[in-house]
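Undergrad: One structure coming up, written as structure tokens, with questions to follow.
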Amino acid sequence: MKRLLTGAVYILILLGAFLLRRYVHLLFFDALLLVFSVIGTFEMLRAFGERVDRVQKAIVLVVSSGLIICYAVTDTLYRMVQETRPEVVNYSPLITFVVLMAGLAVLFGLLVFRHEKTSLDSLGCSLICLFYPAVFLLVLVGCNHMPEYSEIGILFVFVICPFADSFAYVFGRLFGRWVPKKLSPTVSPNKTLIGGLGGLIGGALGAVCIFFVYYGLLEPCDLNTEWLNLVFFIGLGVLTAAFTEFGDLVESAVKRKLEIKDMGKLLPGHGGILDRIDSSLYAGLIVCFVLTMRILIVG
């Protein structure tokens with residue numbers, strides 16, 4: 001029951017942020033991603049414990065938050081300027097990259113300024129906590145700011161993931177006894193290949209739902225002329241589901257290395273924020289990549 005209630009609240013928060021993004025300003029969804037980043041980074045740092053010292057933890061928290069704030073704010077400001085001066089080039093990605101490099105420079109600089117207290121091991125652990133989940137979430141911020149298909153991208157990441165997870169669970173429970181082959185026995189012994197197949201089917205069905213909701217309600221059009229888009233949606237849905245499952249395995253591997261069960265206890269029945277959004281991190285990568293390629297090739 002706790003898991004169901006927590007999942008329902010999570011979905012309501014996502015829906016609220018999406019509606020605010022659509023009808024008020026896209027920065028509202030950036031704010032949600034920033035919250036995910038702050039809490040997720042904190043969970044990572046806590047999971048690594050004394051492997052990362054307090055100064056490194058402070059720097060990682062500041063830089064990881066600064067990346068998302070920097071891109072969201074600078075891109076918004078550039079867009080406002082371009083409304084009256086379209087010739088102005090948007091340098092928000094470059095500025096954000098400079099902020100990232102500055103953060104890396106500071107972390108590496110601790111080897112000099114705190115030589116006795118900073119080890120290469122602690123530096124490596126702090127870099128992991130900086131990139132995961134903040135840089136992954138930064139990709140989703142970029143997806144949120146895409147000139148085209150941004151809403152479709154958001155829907156794919158946060159709708160396909162629960163569809164894939166649910167169908168993977170159902171297929172695993174129903175058919176796992178007859179097809180017991182494990183997806184990754186060392187990392188996650190409870191996940192089966194048949195469950196993974198169910199996840200791909202769930203991704204395809206979720207994509208069909210997104211297609212009819214988006215082109216039927218959000219952006220009404222003649223669905224008879226959009227069948228090629230339906231094929232595209234289904235293909236991207238399957239691909240997103242595959243990356244969703246891989247993202248879940250990645251976090252399972254991290255937790256096994258750290259010898260912990262959950263990243264946190266914030267979400268009853270789920271664990272921490274990272275336990276909830278782990279699959280979304282890798283899903284965001286492939287969705288943003290595919291939609292960017294579509295913009296470059298098709299427009």
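Since every read-out is calculated from the coordinates, none of them should be taken as a lab result. Since the structure is predicted, the reported quantities are computational estimates derived from the model, not experimental observations. Ideal geometry is used to build each Cβ from the backbone, glycine not excepted, and the neighbour counts take in all protein chains shown.
Undergrad: Can you pull out the GluC sites (Glu not before Pro) in region 49-95 that DSSP calls coil and that have at most 13 other Cβ atoms within 10 Å? Please report the intermediate quantities before stating the final value.
TA: Values: sites: 50, 83, 87; in loops: 83, 87.
Sparse-neighbourhood loop GluC sites (Glu not before Pro): 83, 87.
Undergrad: Could you give the length gained by full extension between residue 69 and residue 85, i.e. 0.36 nm per residue of separation minus their alpha carbon distance, to one decimal place?
TA: So the chain would gain 3.4 nm between residue 69 and residue 85.
Undergrad: Which of 91, 238, 129 sits farthest toward the positive end of the charge dipole of the chain, with +1 on the Cβ of Lys and Arg and -1 on the Cβ of Asp and Glu?
TA: Of the options given, the answer is 129.
Undergrad: Which net charge results when you count Lys and Arg as +1 and Asp and Glu as -1 among the other residues whose beta-carbon is under 14 Å from that of residue 54?
TA: Working: positive: 46, 51, 57, 114, 117; negative: 50, 53.
Net of charged neighbours comes to +3.
Undergrad: Highest GNM mean-square fluctuation, the chain, Cα pairs closer than 10 Å: which of 137, 110, 228?
TA: Of the options given, 228 has the highest mean-square fluctuation.
Undergrad: Further question: Residue 181: which lysines have alpha carbons under 27 Å from its alpha carbon, excluding same-chain residues fewer than 8 sequence positions away?
TA: 191, 255, 257, 261
Undergrad: For the chain, what does the relative contact order come out to in percent, with C-alpha contacts under 8 Å and a separation of six or more?
TA: On the way: 384 pairs, mean separation 59.7, N = 299.
Over the chain, the number comes to 20 percent.
Undergrad: Let me ask something else. Placing unit charges on C-beta atoms (Lys and Arg positive, Asp and Glu negative, everything else neutral), compute the dipole magnitude of region 207-299 about its Cα centre in debye, rounded to 20.
TA: About 340 debye.
Undergrad: At most 16 other C-beta atoms within 10 Å and a DSSP loop state: those are the exposed trypsin sites (Lys or Arg not before Pro) I care about. Give me the longest piece of the chain that has none. Show your work: numbers first, answer last.
TA: Working: sites that count: 114, 117, 177, 181, 261, 265.
Formally, the longest exposed-site-free interval is 1-113.
Undergrad: Which is farthest toward the positive dipole end of the chain among 290, 104, 190, measuring Cα position about the Cα centre, with Cβ charges +1 (Lys, Arg) and -1 (Asp, Glu)?
TA: 190
Undergrad: Treating only the Cβ atoms of Lys and Arg (+1) and Asp and Glu (-1) as charged, compute the dipole magnitude of the chain about its Cα centre; round to the nearest 20 debye.
TA: Approximately 1020 debye in magnitude.
Undergrad: For labels at residue 20 and residue 53 in the simple 7 Å Cα→Cβ model, what's the distance in nm?
TA: Each label point lies 7 Å from its Cα, and together they span 3.9 nm.
Undergrad: Further question on the same structure: Taking each full run of DSSP H in the chain as one helix, which ones are at least 27 Å long along their axis (Cα atoms) and have mean Kyte-Doolittle hydropathy of at least 0.0?
TA: Long hydrophobic helices here: 2-23, 27-48, 54-82, 92-113, 150-175, 193-213, 227-258, 273-297.
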